[in-house]
Each structure stands twice: as structure tokens, then as C-alpha cells.
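Chemist: Submitted below is the structure of interest, expressed as C-alpha cells.
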Amino acid sequence: MENNSVCIFSESGEYVKFHNMLSITMASVANDMEVDIFFSYSALEKLKKENINKMSFDNNELKDKFNGSIKSNKIQNIEQMIKTLKETGLVKFYVCSASLSIMNINENELFVVDGIMGLSTFLNKAEKASIVLYI
């Protein structure tokens, strides 16, 4: 990765945090930054095709606001965001090899994957990034 890049460790499968992580990715791309995202544990579970647009909230009011904003096209749902990000060519989605085993998930169950790697390999990418986030 170049100096103008972002690495994100995505661990949370909570809808709001996952959506926020993708929003940060979109803002990074808008600033002409490359982004590598490393998915593990519950974020990996959220990345499954069957779960990609499932909404689960502790707060029904917040759920209603998200649903309303998506239905009125004020914001994109997670699937749409991922498709938009992939079209830019600036974003790569990597999956933690250990998390695949621990979560008992097969690569073909996932919505999008650019590569499978271990934490050490992704840390090498993160070391070269200008911004590193954990979400």
C-alpha cells in the first residue's frame, strides 16, 4: 500500500458499526485513498451472503431510521455500499484465515473476498498504511 492508504481491521458485525466502517471506506475512497479491510469474527459472519443486509438493532427507533433512510434512498444498504466500493478499484476485502476456521465459514458463503490471509500478513500491509483503524 502507498502512504495515502487506509487499513481497517473489521471485527464487528453489528449493523451500525459495519455500515459506519463502510462509510469511512467511502470517505477514504472519495479522498483518493486505497483501502484494505481485514474481516474477522462477527464482521466475517456479517459478510456472509445470507446476512449481508440483515438488520439487527438493540434500539428499534434507530432501526426504523435506518430502514426509512434506505427506503427513501438517502443512504445505501450494505450490499449496495460494497458494490459501489468494489467498482472504484481502490478497495480490497481480505478475510482472516483463522476466523474462517473458528467461525466454520467457507469462502463461497461470503459476499465478496479479494483474498484470504493471516493476521501477520495483514499487519505487514497495515505497517505501510497512513491510517489504521479497528472497528
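Chemist: Restricting to the range 73-111, name every residue that is assigned to a loop (DSSP other than H, G, I, E, B) and either within 10 Å of the chain's Cα centre (by Cα) or among the small types (Gly, Ala, Ser) (or both). Full working, then the answer.
Modeler: If we filter the range 73-111 for residues that are assigned to a loop (DSSP other than H, G, I, E, B), which is where we start, we get 73-77, 89-90, 104-106, 111.
Listed by number, the list holds a single entry, Gly89.
Chemist: Sticking with this structure for a sec: Is there a residue in the range 21-38 that is farther than 19 Å from Ser130 by Cα, in contact with a helix residue (DSSP H, G or I) (Cβ under 9 Å, 6 or more places away or on another chain) and touching a residue at least 12 places away in the same chain (Cβ under 8 Å)?
Modeler: As a first pass, look at the range 21-38 and keep what is farther than 19 Å from Ser130 by Cα: none.
No, every residue in the range 21-38 fails to be farther than 19 Å from Ser130 by Cα, in contact with a helix residue (DSSP H, G or I) (Cβ under 9 Å, 6 or more places away or on another chain) and touching a residue at least 12 places away in the same chain (Cβ under 8 Å).
Chemist: Could you check the range 2-41 and list, in sequence order, the residues that are at positive phi and in a loop (DSSP other than H, G, I, E, B)? Outline the logic, then answer.
Modeler: Kept after step one, since they are at positive phi, are these residues of the range 2-41: 32, 41.
Correct list: Asp32 only.
Chemist: Which of (1) of a type outside the set (S, T, N, Q); (2) outside any helix (DSSP H, G or I); (3) within 22 Å of Leu133 (Cβ to Cβ); (4) touching an Asp or Glu at 6+ places or on another chain (Cβ under 9 Å) does Leu44 not meet, given it meets every other one?
Modeler: All conditions pass for Leu44, except number (2).
Chemist: To continue, here is another question. Failed condition for Lys48, given (1) basic (Lys, Arg); (2) exposed (fewer than 14 other Cβ atoms within 10 Å of the Cβ); (3) in contact with a helix residue (DSSP H, G or I) (Cβ under 8 Å, 6 or more places away or on another chain), with all others met?
Modeler: The single condition Lys48 does not satisfy is (2).
Chemist: Moving on. Any idea which of Asn3, Asn104, Asn31, Asn59 is within 18 Å of Leu123 (Cβ to Cβ) and either in contact with a Lys or Arg (Cβ under 7 Å, 6 or more places away or on another chain) or loosely packed, with under 14 Cβ neighbours inside 10 Å (or both)?
Modeler: Working: Asn104 fails: within 18 Å of Leu123 (Cβ to Cβ); Asn31 fails: within 18 Å of Leu123 (Cβ to Cβ); Asn59 fails: within 18 Å of Leu123 (Cβ to Cβ).
Asn3 is the lone residue from the list that is within 18 Å of Leu123 (Cβ to Cβ) and either in contact with a Lys or Arg (Cβ under 7 Å, 6 or more places away or on another chain) or loosely packed, with under 14 Cβ neighbours inside 10 Å (or both).
Every read-out reported here was derived from the displayed coordinates using simple, explicitly stated rules and does not represent laboratory data. From a predicted model like this one, the values you see are computed outputs, not experimental measurements. All Cβ positions, even for glycine, are placed from backbone atoms using ideal geometry, and neighbour counts span all protein chains on display.
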